[in-house]
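A short write-up of the structure that comes next.
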Amino acid sequence: MQILLLLLLLIIAIPFGMYFYNQYRYNSVQNKFKEKFLSNKANKIPKFVSTTLPFSHQYVDNGESMPFLDQILVHPFQDERVVVMQTGGAGQNNPVLEYKDGRFIDIAEQLNLTGLKNEAAYCISEGDIDKDGAKEIIVGYASGIYVSKYDSAQKKYADPVKLFEIPDASIPVNIALADTRNSGNLDMYVCTFVDRKHFVSARYHDLSNKRRNLFMVNNGDGTFTEKTKEAGLELIENTYVSKFVDLNNDGKQDLVLSLNTNVGILYENLGNGTFKKHNLPIDYGFWMGLSVEKLDNKTNKYHILLSNIGDSYPEFIVRGDMKKDEVFDPNYALLEQVNGFEFKNVTKEKNLYSNVFGWGVVLADLNNNGRKDAILTENYIKFPAKIHEKFPSKGKVLLQNADGTFAPFQEETGLLNPHFGFRVITHDFTGNGYQDVIIGNIQGPMMFYKNNGIK
C-alpha cells in the first residue's frame, strides 16, 4: 500500500515539478534582456487596464467539435468604423461588440449576425466577394462556409447562406481572402482541421488524422470553385492559420501557413493562378499562431512569428509517429527574411519566444516607438492534471529594444490573461493613439485591455 501511495505521489509530483522548473529556467534567462531594455531610458513601458467583455465562449466537448474560436475586426456599418466579431460555441450566438461611450455592447442581433444556433462557429473573414461595394461577413462551420450579405436598405445583414461544403470529418479554422490573380476578385484559402471524433494527437505522417485545405477561386460573382490542386496548393494537413502577404514586393499575394504537425512552408504566387512551395528553416512542430509583419518602420524585411508548445511536454511524449532521424522542434519561431522567400531563424538571437504552450500571436507597436512588440496567448485546455487550469500562464508581452531584441514585461504592462487564450487582436478603440488589445479565450471571457500609453 505504501509503495502504491509513493508511486501516486510521484506521478502527481513529476508534472508539477517540471512545470515550475520550466518557469524558473525561462525567467532566469529573461532577466538579462529585461535589464538591458530598462537600461535604455528611451524605452517606455505601456500600461494596460483590463476589462471583462460581455461574452464568454462556451466549448462543448460533444465528440465532434474542437476547442477553437476566431475573432477579427469587421466593418458592419460599411465605413471606417470597426467592431470586434468573435465566433461562439455550440448553442451560442456570435457576438459583435461595438465600443461606444467607454464600453462595449453586443450589437449582433441588431445586425443579424448571431449566426447558426445549432453549431459551433470556428472562423470569420470579411470582404467584398461579389463586388457590389459592400463587405460581406463569411463564417466557417463544420457544415460549410456561410456568407451574410449586407442589406443597405435594412442596414443589417441577410440570413447566412452556404457558399460551399467542408469535407467530411473536418472543420474550418481560418479563412484568408486575397485577390491572388490580380483580377479584381477576392479568392479564398480555407485552413481545415480534423474533427474531435477522429483527432489523435502527435500524428505527423498519418494522413487519416489530417484534413485537406481548400483554395477557392472566385467566379467573379461571389460564388467559388475549388482549384486547390490546379493552383499547386494541394495540402493535407491540420492547419491553424494562413495569411496572404506580398513577400517579394512583386504585386502578387503569397501564402504563409501555420501547419500544426509539419515543417514550415510557404507558397510563392507565380501570378498565373499557380503557386510554388518554399521551405522555412523550422523542423516538425506543433505550429499554431502566426503573425507576418515588418518589425519596425525602418525595414523592408518581413518577419514570421509562429507559436508552439515550448517546454510544456518532454519530447518523447510528443514525437508520436515521427521517424528516428526526424527532428522535433518545440520552440516558438521568429524567422527573418533574408531575400524574397529565403528566411533565417533568429528566435533565440532576438529572444522572442515563450516556454509554454502558446496559441495566438500578434506583432504590434504598443508604446508608439516605431518598433513592433509581441503578444503571445497561452495555456492548453487539455493539459494533463489540469495544471494550466489550476496554475495558468498569464501570456507574454515582449517589448522590442532598439537593438532588435525582446524582453517580457507582461506583469509590468498589466496585460495578463490567465485563461485559455486563442486569438489576439489590436486596435485603438479609445482614440488615444495607442493600440488596445482584445483576447478571445476558449471556454472563458473575452478580455479587453485598454492601453493608457506611457504617461
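The values are calculated or read from the model by the stated rules, or taken from the named source; none is laboratory data. Being a predicted model, the structure only gives us computed values, none of them experimental. Methodologically, a virtual Cβ is constructed for each residue, glycine included, from the backbone with ideal geometry; neighbour enumeration extends over all protein chains shown. The protein model used for the area step is the full one, side chains on, heavy atoms only, and it has no ligands, DNA or RNA in it. Shrake-Rupley method; radii C 1.70, N 1.55, O 1.52, S 1.80 Å.
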Kindly provide the set of residues from segment 158-184 that are open to solvent by 60 Å² or more (accessible area, probe 1.4 Å) and touching a residue at least 24 places away in the same chain (Cβ under 8 Å), ordered by number.
Asp159, Arg181, Asn182
Filtered residue count, segment 330-352, keeping only those that are closer than 17 Å to Tyr26 by Cβ and either in contact with a strand residue (DSSP E or B) (Cβ under 6 Å, 6 or more places away or on another chain) or hydrophobic (A, V, I, L, M, F, W, C) (or both)
6
Segment 246-285: number of residues that are of a type in the set (Lys, Arg) and either at pLDDT below 95 or surrounded by 17 or more Cβ atoms within 10 Å (Cβ to Cβ) (or both)
1
Only residues in segment 432-452 that are surrounded by fewer than 20 Cβ atoms within 10 Å (Cβ to Cβ) count as the first member; pair them with residues that are assigned to a strand (DSSP E or B) and β-branched (Val, Ile, Thr), Cβ under 8 angstrom, at least 6 apart or cross-chain, and list the lot.
Pro445/Thr52; Lys450/Val49; Lys450/Thr51; Asn452/Val49
When residues of segment 296-305 are limited to those that are over 22 Å from Ile265 (Cβ atoms) and not acidic (Asp, Glu), the one most open to solvent (accessible area, probe 1.4 Å)
Lys298
Among the candidates Asp187, Asp221, which residue alone is open to solvent by 30 Å² or more (accessible area, probe 1.4 Å) and of a type in the set (Asp, Glu)?
Asp221
Quick one: would you say Val49 is out of contact with any Ser or Thr (no Cβ under 9 Å at 6 or more places or on another chain), farther than 28 Å from Cys191 by Cα and open to solvent by 50 Å² or more (accessible area, probe 1.4 Å)?
yes
Answer yes if at least one residue in segment 406-422 is under 22 Å from Leu280 (Cβ atoms) and buried (at least 17 other Cβ atoms within 10 Å of the Cβ), and no otherwise.
yes
Would you check which residues across segment 293-319 are more than 20 Å from Asp403 (Cα to Cα) and either touching a His at 6+ places or on another chain (Cβ under 6 Å) or in a strand (DSSP E or B) (or both) and list them?
Leu306
Filter segment 227-244 down to the residues that are open to solvent by 40 Å² or more (accessible area, probe 1.4 Å) and in a strand (DSSP E or B), then identify the one that is nearest to Ser183 (Cα to Cα).
Lys243
Pairs please, first residue from segment 191-203 and without any contact (Cβ under 8 Å) to a residue 12 or more places away in the chain, second anywhere and among the charged types (D, E, K, R), Cβ atoms under 8 Å, 6+ apart in sequence or on different chains.
Val200/Asp206
The strands (runs of 3 or more DSSP E) lying wholly within segment 245-284 that contain at least 1 residues that are within 20 Å of the chain's Cα centre (by Cα) and not polar (S, T, N, Q) are 254-259, 265-269
